[in-house]
Each structure stands twice: as structure tokens, then as C-alpha cells.
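Visitor: Structure below; questions to follow.
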Amino acid sequence: MSSATALSWFARHELRLAWREWLAMMTGQRKRKRAAVIGLIAFAALLHLPAWAVIGRFAGLRLPLDKSSLIVITATIALAWSLMLSQAIESVTRVFYARADLDLIMSSPARLTNLFSVRIAAIALAITAMALLFSTPFIDVLVIGGGPRWLAAFGVVVAMGLSAAAVAIAITILLFRLIGPARTRFIAQILAAVIGAGFVIALQIAAIISYGTLSRFAVLTSDTTAAYAPDVDNLVWWPARAVMGDSEALALLLALGLVMLGGVMALFSGRFADTAIDAAAQGTSSRRTARERKFRTGTRPQALRRKEFMLLWRDPWLISQTLMQLLYLVPPALLLWRSFADSSAALVLITPVIVMAAGQLAGGLAWLTISGEDAPDLVATAPLSASRVIRAKIEVVLIAIAAIFAPLVATLGFASPLQAAITAGAIVVSAASATAIQLWFRVQARRSQFRRRQTSSRLATFAEAFSSIGWAATAALLLAIPVAGVISGLITAGLVAATWKFSPRRG
Amino acid sequence: MPKHLQIKVASDAKPYGVAVMKPDSSALSVRGLTKSFDRLAVNSLDLTIHAGEFYALVGPNGAGKTTTLRMVAGLLRPDAGAVSIFGVDALADPVAAKQVMAWVSDEPMIYDKLTPLEYLEFVAGLWGIAPAVSEPSAQELLGSLGLAPHRHERCEGFSKGMRQKVALAGALVHAPRLIILDEPLTGLDAVSARHVKGLLAERVRAGCTVIMTTHILEVAERMADRIGVIAAGSLVAEGTLAELRQQNGHTDTSLEDLFIALVTLEAAAA
């Protein structure tokens with residue numbers, strides 16, 4: 001087999017693996033390819049409605065643009081790019097740690113540099129494809145409303161995907177070199193969370209400090225930002241101009257993306273192999289817990305709770321997710337702090353954010369503790385009834401949620417005791433609903449399968465999301481329009497009850 | 001009673017071992033045990049294992065060995081039949097039955113993010129064993145299984161053999177009276193396998209009852225007091241090696257030859 005043939009064969013192999021992994025994520029290992037594709041098309045079609053509502057009014061924009069419009073479009077592109085970078089870091093880390101074919105590849109007679117170049121390209125392609133998938137409804141809306149010049153936005157998405165992949169690979173490999181494979185996975189996950197949330201949060205913080213609102217647009221459309229922004233012919237605005245159909249800017253962006261990816265391939269494809277070997281070796285070495293301590297006394301449920309807390313504390317996913325939730329809570333907390341001075345009506349906005357975060361976090365924690373049991377036989381053969389086991393695990397979820405959100409609610413209590421009480425109640429109900437849904441739909445799995453937890457039941461995934469949104473809305477409405485809050489609460493309770501009705505654990 | 005079999009149960013634990021048990025010489029008694037999945041996996045099985053006995057359950061793949069043991073351990077609910085452990089009805093009072101037994105599967109299920117010592121602390125806590133008893137016992141077990149240098153390392157990097165040894169230590173740390181093992185030697189190197197066999201033999205000498213499935217017939221031949229041969233969900237032969245030979249008209253045959261003869265006969269009859 002010639003070198004070119006071998007490479008094209010390996011590229012096909014990589015794409016097939018990427019496709020099957022994605023399909024497994026969508027279908028939960030079940031052979032429902034057609035249903036997954038139909039579902040995806042339906043979802044993409046449905047996404048056109050919110051896309052129309054969000055950016056439909058911008059379809060008429062034409063070049064040349066004023067500074068304010070350039071700032072808004074550039075910030076939107078930067079936000080999308082930061083999300084893509086976050087996703088790319090997560091994907092690259094996963095490739096390093098999760099690929100089981102490294103031994104086969106490295107023992108083959110093919111040139112490793114070439115093979116890993118293909119793997120880098122496949123990562124970039126997968127990230128770009130995912131970005132295109134989610135951006136298509138938005139670009140469609142702009143094309144339908146404003147004409148084919150908006151088709152250039154697809155090119156910008158491709159350039160963003162290529163550059164995000166290149167930066168993610170460079171960051172991950174540098175992390176490997178700087179802090180070693182043992183810490184890279186953990187740090188990369190935190191970095192991905194911070195990058196993904198950081199941009200939005202930074203804008204919100206700026207908005208709160210300057211204007212006392214959570215709206216990001218307040219900062220972007222302000223005269224102050226426009227005054228400090230570069231002139232309209234500056235290179236910074238080229239991505240915005242490329243989106244609007246400036247072919248010169250688009251060509252430059254695409255070229256830049258390709259050069260970045262090519263550069264990363266040239267620089268790092270040789271080191272990719274070393275990094276992969278280090279990552280694989282990390283899997284065979286263990287971290288030491290240096291502390292020598294005595295066995296602790298306690299009841300059986302206490303032993304179970306202690307184990308769950310220890311595992312949660314040592315779970316890198318959970319740490320990064322909790323960090324992300326906490327980061328999202330920074331703007332409302334800041335708003336809360338500012339509202340002490342001037343009793344702003346915007347304070348009410350804090351409640352739904354907190355309640356939503358509590359519900360989402362509780363769902364993840366509940367999956368990890370209830371479904372993600374790595375030694376099910378041990379727990380099942382222990383002299384402890386199944387109900388006591390479940391009760392101990394639920395207690396862990398609720399204690400963790402209480403520990404995370406209690407300080408925020410307590411602070412809120414100083415500003416508005418009523419709002420604090422409603423928020424606390426909604427946190428409890430939201431966390432309990434998410435936990436109950438996980439309990440009704442629990443399927444025994446390993447903790448490492450967390451990323452695919454949604455594939456075990458789509459109904460549970462949607463129910464958990466809608467329940468969090470529902471209780472968040474209920475809490476906000478109870479503060480603003482109490483009657484509407486009661487109605488919203490009844491609807492959400494009905495939704496949770498309906499979920500129970502359809503759950504496999506009913507009765 | 002030997003020192004390592006004396007269990008000091010924590011204050012919250014019910015004294016199952018004292019209050020519930022009836023005088024009975026059998027450690028395990030199974031009557032009419034039946035389980036079907038797509039097909040009949042275990043067919044009205046009767047089995048009695050005496051206290052202090054080492055019993056090996058052998059049989060071809062899919063014969064129903066693991067299903068039988070999982071039902072005994074309370075991991076599977078039988079369709080019909082009764083399981084009694086030291087006189088306790090394991091189906092009616094599973095918690096009391098579980099207090100005195102331990103289960104080790106062929107696939108070691110332990111927590112990657114815990115160290116072996118933390119794992120043993122957790123297991124001892126689940127069984128309600130007082131730390132004053134469980135901690136020295138845990139240290140001793142890790143030492144005898146060659147895991148002492150790794151006791152503060154998280155299990156995530158352990159080989160299958162090391163994981164199996166951690167799981168086995170977990171099964172022994174609460175000093176069970178009945179140990180149920182499903183292919184416990186899978187993945188162990190020769191030295192580790194010898195360690196494990198020595199540890200099990202020592203427990204049996206101390207009065208503990210062991211029931212084990214194995215594909216390694218030499219182990220059954222050397223270690224077991226009695227051997228049960230299971231095929232198509234039924235016990236087709238049972239006894240000491242000498243009794244099995246006698247039952248089949250052989251005087252100087254290895255267990256392997258006997259096993260093949262029995263299983264082939266059973267397959268032909270089916």
C-alpha cells in the first residue's frame with residue numbers, strides 16, 4: 001500500500017470512528033441510525049424558529065457597518081469561538097486518554113507523524129462539522145431574510161472550527177509538557193469550562209458593574225465601548241465583515257485557519273505520539289494519597305455517604321461542572337452585591353439563575369451517585385436494604401446541593417428575606433425533582449460513562465431540563481406575579497408527575 | 001473461634017449472627033432453585049454445602065454456575081426455590097443472610113478513585129465492622145496479598161490481577177462465614193493465584209465455608225473437599241474426587257477426564 005493510499009485509508013477509518021462515536025452518543029448504542037438522523041433533521045428544522053426570533057432582525061444589515069454593529073457581531077463571533085474552543089479542548093483531551101487503538105497504531109509500520117496529522121485533521125473536521133450543524137439554522141435565517149451574501153458565514157464557521165481545533169491541540173499538548181499527563185486531564189476540563197463560560201460571564205460582569213443589569217448587550221452597544229473600540233477598517237472587524245459577505249476578509253480568515261491547523265500539524269504531529277504514550281502510561285500509574293489515617297467509625301449509611309462524597313470530590317468532571325455552575329453564579333452574586341446599595345428590581349433575576357443551576361447540578365450529581373455505581377455487586381451484597389442504600393445516596397445529593405447554594409441564599413436573605421425563602425424552597429424542589437427523575441430512570445452504569453448519560457433515556461434528559469426551567473420560572477414568577485407563579489408551579493409539578501407515569505420504575 | 005473470624009459489629013448493626021440463626025450444620029442449602037432468562041438457566045437445583053467445607057462448582061460455559069451463585073448472593077431473584085444460609089432464609093431476610101457472606105465476581109468491581117485501604121474501610125463500614133477490628137485486618141490482608149506497597153495508591157492504575165486482589169481483600173475484611181467466589185483466579189499471575197489459594201485454604205481451616213466456580217479443574221481437584229458438576233442448569237454429579245471417580249467407574253482418572261466424560265454424557269442425553 002502506498003503512503004498516500006495508507007493515509008486516505010486511515011482518514012476514512014478516523015472519520016468512521018468519529019461518526020460511530022457521535023451516532024452512539026445520539027442513539028445510546030442502540031441501532032437506530034435512521035431515527036437519529038430524522039430526529040436531528042427535525043431538531044435542526046425546529047431550531048430555525050428560535051434562530052429567527054434571535055437574529056432574524058439582523059438579516060437586513062449591510063456593509064459598511066457602524067462601530068456598534070461591528071462590536072455586537074464580533075462579540076457574537078468571539079462567543080461562538082470560545083464555545084468551540086471549549087468543546088475542542090474537551091475533544092482533544094478525550095482523544096488522548098480514551099483511544100484504545102494506540103498500541104495498534106504505534107506498532108504499525110506507517111509513519112506516525114503522518115497518521116497523527118490525519119488524526120489532528122479528523123479532530124478539526126469533527127469540531128467544524130458540529131459547529132456547522134448548530135450554526136446552520138441561524139445562517140439559514142440570515143440567508144432567507146437578507147440574501148445569499150450571508151452564505152459567507154458558513155466559511156467563517158469553518159475558519160473558526162479549524163482555528164479552535166488548532167488552538168485546542170496546542171493548549172493540550174503544552175499542558176502535557178508543562179504539568180504532565182496526570183494533571184492535564186483535570187486542568188483541561190476546568191480550562192474548557194472557564195473558556196466556555198468565561199466570555200459570557202465577563203460581559204455580564206461588565207454590564208452589572210457599568211449598568212446594573214445582566215444584559216450583555218448593554219455593554220456592547222454602549223457609547224463607551226464604541227469610543228474605546230478600534231477604527232472600522234481595523235483587522236479586528238474582519239471576521240464580522242467576512243460574515244457579511246466580504247470575500248477578501250473571508251479568504252483571509254480561511255487561510256488563517258488553515259495555516260494555524262497546518263502549523264499545529266507540522267509542530268505537534270510528531271509529539272502527538274509521545275503525548276499519547278504519556279497519557280496511556282498515566283492510565284497505568286496511580287496517584288498516591290499520602291495521608292495515613294485511622295479507619296473511621298459510623299453507621300452503614302454513613303460509610304456509604306462518606307464513600308459517595310469521596311468519589312464526588314475526586315471526580316474531575318464534577319469539579320469542572322461545579323466550577324462552571326459557580327462561574328455562572330458569579331454575575332447574579334455580583335448583581336446581588338450591587339443591589340444592597342440601590343434596591344434594584346433586577347435582583348429578582350438572581351432567583352431563576354440559582355434555581356436552574358441547582359436543578360442541573362442535582363441531576364448530574366444524582367446520576368453519578370445513583371446510576372454511576374462502579375461496584376454494584378458489592379453494594380447489592382452488603383447487609384443493607386436497597387431502600388437504605390438509595391436513601392443514603394439521595395442524602396448525598398441534597399447535602400452537596402445545600403452546601404453549594406446555602407451561602408448564596410443566606411446572602412440573599414440579607415437583601416430580601418422573602419426572596420431568599422422562595423429561592424431556598426425552589427432549590428429544594430428543583431433538586432428533588434431532578435434527583436427523582438434520575439431515580440425513576442436509573443440504569444446501572446460506570447461513572448466514566450457520565451458523558452453518555454443522556455442516551456439511556458431521552459425522556460429523562462428532557463424532563464430533567466424542563467423541570468429545572470419550570471421551577472426556575474415558577475420561583476421568578478412567584479416573586480413578580482404570584483398567581484402566575486402558582487400556575488407555573490402546577491404545570492411543572494404536572495410535568496414531573498407525567499414523567500413518573502412514563503418511567504420504568506413506576507410502582 | 002480463631003481471632004480473625006471474631007467480628008465486632010458496630011453499634012448500629014443488628015446482631016444478625018446471634019438472633020436469627022438456627023442450629024444447622026449446613027452453611028448453604030438450596031432447594032428447587034430455578035431461573036429462566038430466554039431459556040432455562042438453572043433447573044430446580046438442590047445443593048447442600050456443609051459448614052467449613054470448600055466446595056467447587058464446575059461446569060461448561062453457560063451451564064448455570066454464575067446464575068446459581070448470583071441467586072445465592074442475592075444479586076438475582078430466583079423464579080422458584082429456596083436459599084438458606086446458616087439457617088437464615090436468604091429470600092425472606094436477605095439482610096441477615098448477607099451479614100455473614102461475601103461475594104467476589106470474576107470481574108473485579110472496585111472504585112477507581114479509592115485506594116485499596118479506603119476501599120476496605122468502606123467495605124468494613126458497610127458490614128458494620130468496628131474500625132478497631134477492621135483496620136488491622138485490612139492491613140494484614142493487603143500485606144498477605146502483596147498490596148501493602150500500593151495501599152495508598154488509587155486503584156485506577158491497577159492491573160486486573162491487582163484489582164481482583166483488592167476485591168478479594170474486600171470480601172475477606174469483614175470475616176464472612178460463607179465466601180462465594182465466581183472464577184476468582186481469572187487474571188491472576190501464578191504467584192498471586194497461589195497467594196489467593198493459600199488465603200482461601202487458611203480461611204477454610206479456620207472454619208469458613210467457601211463455594212467457588214472455576215474453569216481451572218486442577219484447582220478444584222487440589223483444593224475442594226467436594227466438587228459439584230453442573231450442566232444445563234442441573235447438578236449432574238457431586239462428591240469428593242474419589243466419589244466422583246467411583247460413581248463413574250474410573251479409579252485413576254483426572255478430574256478433567258471425569259468432567260469431560262460427565263459433560264459429554266449430559267450433552268448426549270439432552
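Visitor: Please enumerate the residues belonging to the range A:353-403 that are without any contact (Cβ under 8 Å) to a residue 24 or more places away in the chain and of a type outside the set (A, V, I, L, M, F, W, C).
Guide: Residues satisfying the conditions are A:Asp377, A:Thr381, A:Ser385, A:Ser387.
Visitor: Output the number of residues of the range B:156-186 satisfying the condition of being modelled with pLDDT under 90, in a helix (DSSP H, G or I) and in contact with a Lys or Arg (Cβ under 9 Å, 6 or more places away or on another chain).
Guide: Matching residues across the range B:156-186 total 2.
Visitor: Moving to a separate point now. Which condition from (1) more than 7 Å from chain A (Cβ to nearest Cβ); (2) within 28 Å of B:Gly52 (Cβ to Cβ); (3) hydroxyl-bearing (Ser, Thr, Tyr) is the one that B:Ser159 breaks?
Guide: (2)
Visitor: Go through the range B:98-136 and count every residue that is at the interface with chain A (Cβ under 8 Å from one of its Cβ atoms) and not hydroxyl-bearing (Ser, Thr, Tyr).
Guide: 22
Visitor: Among the strands (runs of 3 or more DSSP E) confined wholly to the range B:25-65, which include 3 or more residues that are surrounded by fewer than 22 Cβ atoms within 10 Å (Cβ to Cβ)?
Guide: Ranges flagged: B:26-36, B:40-50.
Visitor: Mind counting the residues in the range B:196-224 that are modelled with pLDDT of 85 or more, surrounded by fewer than 17 Cβ atoms within 10 Å (Cβ to Cβ) and outside any helix (DSSP H, G or I)?
Guide: Qualifying residue count for the region: 2.
Visitor: Next up: What is the residue count in the range B:73-104 for residues that are farther than 18 Å from B:Trp127 by Cα and in contact with a helix residue (DSSP H, G or I) (Cβ under 9 Å, 6 or more places away or on another chain)?
Guide: 8
Visitor: Within the range A:373-391, count every residue that is at the interface with chain B (Cβ under 7 Å from one of its Cβ atoms), more than 14 Å from B:Ala73 (Cα to Cα) and aliphatic (A, V, I, L, M).
Guide: Final tally of qualifying residues: 1.
Visitor: Got at least one residue in the range A:476-494 being in contact (Cβ under 8 Å) with a residue 40 or more places away in the chain, part of a helix (DSSP H, G or I), of a type in the set (Gly, Ala, Ser) and at negative phi?
Guide: Scanning the range A:476-494, I find at least one residue that is in contact (Cβ under 8 Å) with a residue 40 or more places away in the chain, part of a helix (DSSP H, G or I), of a type in the set (Gly, Ala, Ser) and at negative phi, so the answer is yes.
Visitor: Right, another one. Looking only at residues that are modelled with pLDDT under 70 and not in a loop (DSSP other than H, G, I, E, B) in the range A:276-316, which one is nearest to the other protein chains (Cβ to nearest Cβ)?
Guide: In this case the residue turns out to be A:Arg288.
Visitor: Has the range B:137-150 got any residue that is hydroxyl-bearing (Ser, Thr, Tyr) and more than 7 Å from chain A (Cβ to nearest Cβ)?
Guide: Yes - at least one qualifying residue is present in the range B:137-150.
Visitor: Here's something else I'd like to know. Within the range A:333-430, considering only helices (runs of 4 or more DSSP H) that don't extend past its boundaries, which have at least 3 residues that are surrounded by fewer than 15 Cβ atoms within 10 Å (Cβ to Cβ) and at pLDDT 90 or above?
Guide: A:386-415
The values are calculated or read from the model by the stated rules, or taken from the named source; none is laboratory data. Predicted model only: the values in this text are computed from it and were never measured. Neighbour counts are summed over all protein chains in view; Cβ atoms, including those assigned to glycine, are modelled from backbone coordinates with ideal geometry.
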